[in-house]
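As structure tokens, the structure follows; a few thoughts come after it.
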Amino acid sequence: MTFCICLFIVIMQFLWRYIDELVGKGLSIDLIAELFFHAALSLLPLALPLSILLAALMTFGDLGEHVELTALKSSGISLTTIMKPIAILMVFVAIGAFFFMNNALPKSQVKMWTLLFSMRQTSPTLDIPEGTVYSQIPGYNIYVKHKDKERDMLYNMLIYDVSNGMMYPRIVAADSGRLSMTEDKRHLVLTLYKGSWYEEMKGGGGVSGMSGELYRRESFHDKEILIPYDANFTRMDDETMKSQYVGKDISELRQSIDSMRLKVDSAASLIVSKMRSQPICGVPTQRVIYKDGKPTYEKVKEVKLDKPVDINKLIKELPVSDQQQIVNQALMRTTSAMQDYQFQGYSVNDDNYIIRRHQIELMKKFTLSLACLIFFFIGAPLGAIIRKGGLGMPIVVSVILFIIYYIIDNMGYKLARDGRWEVWQGMWLSSAVLLPLGIFLTKKAVNDSAVFNPDAWLNFLRRFTGLHQTRKLEAKEVIINEVVADEAVAQITALKDACQQFLDKYPGRQQYMDYWQQGYDKTAIKALSEQVDRVVDYLSNSRDQMILNKAMDFPVIRQLLTYCPVGNKTIGTVFAALFPIGLPAWLVGLRHQKNLKRDISLTIKTCDQLVAILNGEYNREMEYN
């Protein structure tokens, strides 16, 4: 089901891309159906990985949503055992995708591109609009003011014929006319009524003593014009596309790459030999010796001078005109040689581009199979983690992941195509990025990690940003350890004393240097937080709803980095010296320390209220003290 949905989406994308080249040409239904059939096969490498990702997400998400995964795990079946049969199926799908890419896809691409190019060259059906210049007929521009569809007549026509060139146009104006086509659909017959004809003609060449340009003008009652216009569909030969990289299998691609590399190497060697054989300052570096009628190149021995020659001095001794002539000749020779080598380099670059396209097509034979396996090992554990089936959340997650995959894959393809990266680096980039994600998700799903638990991420965000957290306690139906009032009072009193000691230790606001060199004692804060949690856990076993409500008033003592940003005094001094960083961090730290003291003070107040409740001395006025 997901494969059909994904294939339908990519086919609609294909239709949207080439709709302008298909509409209005009178193509038969069988031709359109044939084109879409081969387009569907050609687009299968794009739809198959997405469908596997979506199907895996929906399957395992539905199992998790209906607690079936939990039931299987409670029976002693691990997630890897659950995924094993489908993973084996995906291996067979990957093998089938490889053989499809190697054997079936080249033939489908040849058929698709042949049909598409043939349809592009097919002339559109004639539908001359009213009040607009129609230019779809090659060499003719036709204007019609009004049309009578019942009588098939055109009125107030103006025809601009440039089929013989823009220098010699023909202009025809007619009161009415009718347009028809010959039986073989290769010519248009334009029948005109009550009009005039104006035509520019070539120069008379002085005939009969006249010179200059000639023109012809006539008026007619009725006139027929035959216009060449082939409206038939002509299918191109498949052999043209078979020679391209899209129509070759692995063996043919490798053979083409080897032959083109040999061609490029020989061309590059020829260019290098020509460059080396060029004379230096007019002195040849090689000479040709014929042996048995065959030319061989021999390197010219260097001429040793008794003393170095100052070329600049020799040139300056010449007249100014000779100096300019030498410079101009050298510039002309250099420019000519540079253009010649650039032209030869363009030919080599074109061959290298074709080699890269063949290598890209060769790599695609293997990347699809690996992409199918990677997307399965992303979708299956991700579905087991998020535990949402159906077409809601899985579609959102699948689309996001596939967009990331498509962007990375397209970026790697363009880098490989343009020669900025090696071909194998660009084509395997998306797999190299997504494979670690699949391994990570599989590991997290097997270990039942809460990597996508919203509460876990929210708690992390709160700890990172310093946001407040609230406690939630509910009355338990079954209580094993009852709350003893004396024990509860002892624990609450000990907590209050610990909080008061902390506030006494840090009575005021820390100064700038004290903050960076000392900060607050993280060990004491952690111990205080754990002590509050123990008191809350003990009170959660109470049957008194007032005690439970009051226990929820205990703030969560957070463990923030800003309480003591640096544990080393020397490093803290360095950070303190960096005022652009240290000053804003100090201001943020002061705010967090102030909030910590407020939470500890609230803890002391809650302790007093809980002791009053346990001793039966609580009243509402204590809330406002």
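What to note about this one:
- Close Lys-Lys pairs in segment 291-353, where close means Cα under 30 Å and separation is 8 or more or interchain: 10
- Over segment 477-554: Kirkwood hydrodynamic radius from C-alpha pairwise inverse distances, Å: 14.5
- Entry note: the chain has Rg to Rh equal to 1.20, where both radii use alpha-carbon atoms and Rh is the Kirkwood radius.
- Counting only residues at least eight positions apart within a chain, or on another chain, the aspartates and glutamates with an alpha carbon under 12 Å from that of LYS107 are ASP238, GLU239, ASP249.
- Accessible area of segment 498-553 belonging to carbon and sulfur atoms, whole % at 1.4 Å probe: 47
- With all protein chains in place and ligands, DNA and RNA left out, the 1.4 Å accessible area ranks GLU474, GLU482 as GLU474, GLU482, largest first.
- Accessible area, probe 1.4 Å, largest first, for residues PHE14, PHE343, PHE36: PHE343, PHE36, PHE14
- The 1.4 Å probe gives accessible areas that order TYR198, TYR134, largest first, as TYR198, TYR134.
- Compared with the dominant Cα axis of the chain, that is its longest principal axis, helix 522-539 is turned about 70°.
- Helical content alone sets the calculated 222 nm signal of the chain at -19500 deg cm²/dmol, taking -39,500 (n - 2.57) per DSSP H segment of four or more residues and averaging over every residue.
- Measuring with a 1.4 angstrom probe and ignoring ligands and nucleic acids, VAL588 comes out at about 70 Å² accessible.
- For the chain, DSSP calls about 100 percent of its internal beta bridges antiparallel.
- Rolling a 1.4 Å probe over the protein heavy atoms leaves TRP113 with an accessible area of roughly 60 Å².
- Residues of segment 544-583: accessible area per residue with a 1.4 Å probe, Å²: 52
- Computed FRET value (nearest 0.05) for GLN323 with TYR346, which takes r as the C-beta separation and R₀ as 30 Å: 0.30
- The residues of segment 1-118 expose, per residue, 50 Å² of accessible area to a 1.4 Å probe.
- Contact order normalised by residue count of segment 526-601, Cα under 8 Å, 6+ apart, percent: 31
- About the Cα centre, charge dipole magnitude for segment 523-625 (Lys/Arg +1, Asp/Glu -1 at Cβ), debye: 480
- Among the listed pairs LYS388/LYS550; LYS84/LYS388; LYS84/LYS443; LYS476/LYS526, those whose Cα-Cα separation exceeds 26 Å are LYS388/LYS550; LYS476/LYS526.
- Surface exposure of segment 308-441, expressed per residue as accessible area with a 1.4 Å probe, stands at 58 Å².
- Point-charge dipole on Cβ atoms (K/R +1, D/E -1) for the chain, about Cα centre, debye to 20: 1740
- Counting protein heavy atoms only, segment 1-73 has 72 percent of its accessible area on carbon and sulfur, 1.4 angstrom probe.
- Of all lysines in the structure, those lying under 19 Å Cα to Cα from LYS145, and not within fewer than 8 positions of it along the same chain, are LYS194.
- Here the simple spin-label model places points 7 Å from the Cα toward Cβ, and for GLU252 and LEU583 these points are separated by 7.2 nm.
- Each label point was placed 7 Å from the Cα along the Cα-to-Cβ direction; for ALA475 and LEU158 their separation is 9.3 nm.
- Compared with the direct C-alpha span, the chain from LEU22 to VAL446 gains 147.6 nm at full extension, assuming 0.36 nm per residue.
- One chain, two ends: LYS301 and LYS242. Fully extended at 0.36 nm per residue, the span grows by 16.0 nm beyond their Cα-Cα distance.
- Aspartates and glutamates whose Cα lies under 16 Å from that of LYS73, excluding same-chain neighbours fewer than 8 positions away: ASP62, GLU65, ASP448
The values are calculated or read from the model by the stated rules, or taken from the named source; none is laboratory data. Keep in mind that this is a model prediction, so the values were computed, not measured. Methodologically, a virtual Cβ is constructed for each residue, glycine included, from the backbone with ideal geometry; neighbour enumeration extends over all protein chains shown. Remember, those area values only see protein heavy atoms, side chains included, never the ligands or the DNA or RNA. Shrake-Rupley method; radii C 1.70, N 1.55, O 1.52, S 1.80 Å.
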